[in-house]
Amino acid sequence: MRIPIVAFVSMAVSVQASVALAYCNEPSAPSCADRYGAFDDEWEFSRCKSEMETYKSDVETFLSCTKREAEAASDKAISEYNDAVESFNRRAGR
């Protein structure tokens with residue numbers, strides 16, 4: 001009975017990790033930033049400024065997310081390397 005519980009917990013952690021990795025979506029710049037010419041009026045300027053502030057926040061969130069992903073991938077690679085070294089050393093009798 002113990003094995004199915006461990007397998008379930010392992011699957012749940014795996015699913016949560018993949019959901020976390022799927023969360024990092026690169027935001028797109030607001031279309032108002034790419035238009036030519038001056039703003040038509042104060043309302044258009046304010047609206048675009050607000051969109052740019054939201055974009056800045058979204059980019060910061062994206063960068064934090066990708067940094068966490070990179071750290072997690074690095075930790076996993078180091079752990080796998082250490083496991084391989086330990087296995088090799090056991091086989092070598094060291």
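No value in this document is a laboratory result; all are computed from the given coordinates. The structure presented is a predicted model; accordingly, all values stated were derived computationally and were not measured. With ideal geometry, Cβ positions are generated from the backbone for all residues, glycine too; neighbour counts draw on all protein chains shown.
General remarks:
- For the stretch 26-92: rounded, prolate or oblate by the Cα gyration tensor [a/c cutoff 1.5]: prolate
- The calculated FRET efficiency for the pair Y36 and E69, based on their C-beta separation and a Förster distance of 41 Å, comes to about 0.65.
- Ascending count of other beta-carbon atoms within 10 Å, so fewest first, for Y55, Y36, Y81: Y36, Y81, Y55
- Top positive-direction residue, dipole computed over the stretch 26-92 with Cβ charges, set N89, A29, F62: N89
- Relative to the Cα centre, the charge distribution of the stretch 26-92, modelled as +1 at Lys and Arg Cβ and -1 at Asp and Glu Cβ, gives a dipole magnitude of about 480 debye.
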